[in-house]
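The values are calculated or read from the model by the stated rules, or taken from the named source; none is laboratory data. Treat the numbers as computed from the prediction; the structure is a model and nothing was measured. Every residue, glycine as well, gets a Cβ built from its backbone with ideal geometry; the counts of neighbours run over all protein chains shown. When the accessible area is computed, the model is the full protein with side chains, heavy atoms only, and any ligands, DNA or RNA have been set aside. Shrake-Rupley method; radii C 1.70, N 1.55, O 1.52, S 1.80 Å.
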Amino acid sequence: MVSNAYDKLKETISSNYSGYDDSDPLEFIKKLNYNKDEKLIKIADEFLNYDFDGQDVINVKIKNRVLNELETFQNKSVLQSKPRDLQVVLTNKCNLRCKMCVNDKIDWELSSVTLNSIKDNMKYFERILWQGGEAFLYPDFLSLLELAHKNKVVQSIMTNALLIDEQTADVITKTDTDIVISIDSVNPEIYSYIRSGAKFEQLINSLELLNKYKKINNSKTSFDMATIIMHSTCRELFEFIDFAEKYNFRSICLNQVGMNDKDQDENLTDEDIVFLRSNKLNLINRIKNSPVRFEMNLSCFFEAPKDNHHKEEEPKQENKKQKEKTDKCASKEKLYCQRPWNSIYIEYKGFFMPTCKCFGGNMEYIDNKTIEEVWNSDVFVNYRKQIGENKFSECCSNLCVHTKHDNWRYK
C-alpha cells in the first residue's frame, strides 16, 4: 500500500498513461492540463479517491494540487481546491521615503482575521511572496517565515534589507527564504539621495550578514536585486554587475523609471537614453561573462528618444496600437490564464485579486475576511467565468496580456 502521495501519483499515471516516462508526476499533470488531455480526469479521480495521511503536509499539498489542476481543466468557477500561490502585502509602513515610491503614505497592516486565515491555509500553499511597505516592519514577521518553512512553502521576500540583523539573517537562511532586495544605486551618496532615510553602510552590513548566515546554515537562500534605472543611476550599469558578483546575487532585474510628477528630474533624458543605447552591446558582453542572471525591462535600449513636440499625442497612439494588437490576438486565438484558479494577491488597504497584474478587472476589500471567503467570492468567480468564456479583455489588464508568463497559454 502506497502512503506517499508523490509515489501514488506516479503509480496512477503509469497505470493510466502509457506515454509516461517516470518524470516528475506533478509536472506531468500540469502538462496534461495545458494540453487538455482527457486522461487527466481518469488519473485525478483514481488518485483523489485514495486515502492518504492527512497530517503529512506534502500529501496535503499534492492532493490539493491535483484537485486544483482537475478543476482548472474542467473550467469550474467555484472551487473545492485551495489556492496554491499567495502574494501578500503585510503592511504599508516603511522605514524609507524613496523618490520613486508611489504608495500612499498611510499606516496599514493586514488584519488579524486574514492573517490567521493565511496561517490556517499554510498547509495548502506552495509558494508565498511577502512584501510591504517594508515586510520586516510587520509584527512577528519572523514567526511567519518559520511557520511557512515548517509547512514546506517556497518563500520569497521583497525588502530594502536595511532592517536585517543577526537574528533576521539567521531565520531567513534557516528557512531557505529567497530575498529580493531593492538597490537602485551602488554609489553611497546617490543611494542615500534616492532612498531617503537609508544608509549605504547598513545595506552592506545586511548583505554581509546574509552571506555569513547562508554559509553557517548551509542555506539554499538566494539573493536577487531589483533595480530601477533613472537619471542619476543610468551610468552605473556595469557597477551593478560588479556589486552583484561581489555579494553573491543570483540575478538583477533592471526596470526603467516611471517617476511621479513631483520627481520629473529623475526621468531619463534623451542624453541618458543615447548613453544606454550606445552601451547596449558592451553591457550584453559583460553579462555573458557574469554568473549573475539578468532581466532587462529597459525600453530605452530599443526605442529612439521621444520627440517632445508629441508628448500628448503618443499615449493615445500607443493605446490604439495596443488595443489593435489585443483585438487581433483575441480574434485569432483564445487566450487562457490559470492564475484565478491557483493564486491570490492581497494588496495594501486590503484589496485582493488573482495577481498584482490583474488591475484590469475588479477588486474586493479583503480586510477582516478569510481566505475561504475570498477564494470563491464574486470577484474570483467572475474572473474564472470571464476567462473561461474567452472574455479576458473584460477582466484582464493589457500589461498581462502582452507579458510572457508561465501561466499564460493559447488554446
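When 1/r is averaged over all different Cα pairs and the result inverted, which Kirkwood radius in Å belongs to the range 1-45? Can you show the working numbers first?
Details: mean 1/r = 0.0946 Å⁻¹.
Taking the inverse mean of 1/r over all distinct Cα pairs, the range 1-45 comes out at 10.6 Å.
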Compactness summary of the range 17-160: radius of gyration and Dmax from Cα atoms, Å, are 18.8, 59
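Give me the percent of the accessible area of the range 112-231 that comes from carbon and sulfur atoms, probe 1.4 Å, all protein chains in place.
The computed percentage sits at 49.
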Scattering curve values for the range 99-203, log₁₀ I(q)/I(0), Debye with Cα scatterers, q = 0.13 Å⁻¹
-0.54
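How charged is the neighbourhood of Asn205? Take every other residue with its Cβ under 14 Å from the Cβ of Asn205, and add Lys/Arg as +1 and Asp/Glu as -1. Kindly include the intermediate steps, with their values, before the conclusion.
Working: positive: Lys199, Lys212; negative: Asp165, Glu166, Glu201, Glu208.
Here the charged neighbours net out to -2.
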Taking only pairs that are 8 or more places apart or on different chains, how many Lys pairs in the range 6-65 have Cα atoms under 19 angstrom apart?
22
With the other protein chains left in place, how much accessible area per residue, in square angstrom, belongs to the range 1-160 at a 1.4 angstrom probe?
46 Å²
Length gained if Asp140 through Arg286 is fully extended, taking 0.36 nm per residue and subtracting the Cα-Cα distance, is 48.4 nm
Could you work out how far the C-alpha centroid of the range 1-48 sits from that of the range 101-155, in angstrom?
32 Å
Overall form of the range 179-270 per C-alpha gyration tensor (a/c, 1.5; a/b vs b/c)
prolate
Quote the FRET efficiency, to the nearest 0.05, computed for Val113 versus Tyr6 with a Förster distance R0 of 22 Å and r equal to the Cβ-Cβ distance.
0.05
Only four residue types carry charge here, +1 at the Cβ of Lys and Arg and -1 at the Cβ of Asp and Glu. Report the dipole size of the range 139-282 about the Cα centre in Debye, rounded to the nearest 20.
720 debye
Just the number please: accessible area per residue for the range 175-264, 1.4 Å probe, all protein chains included, in Å².
44 Å²
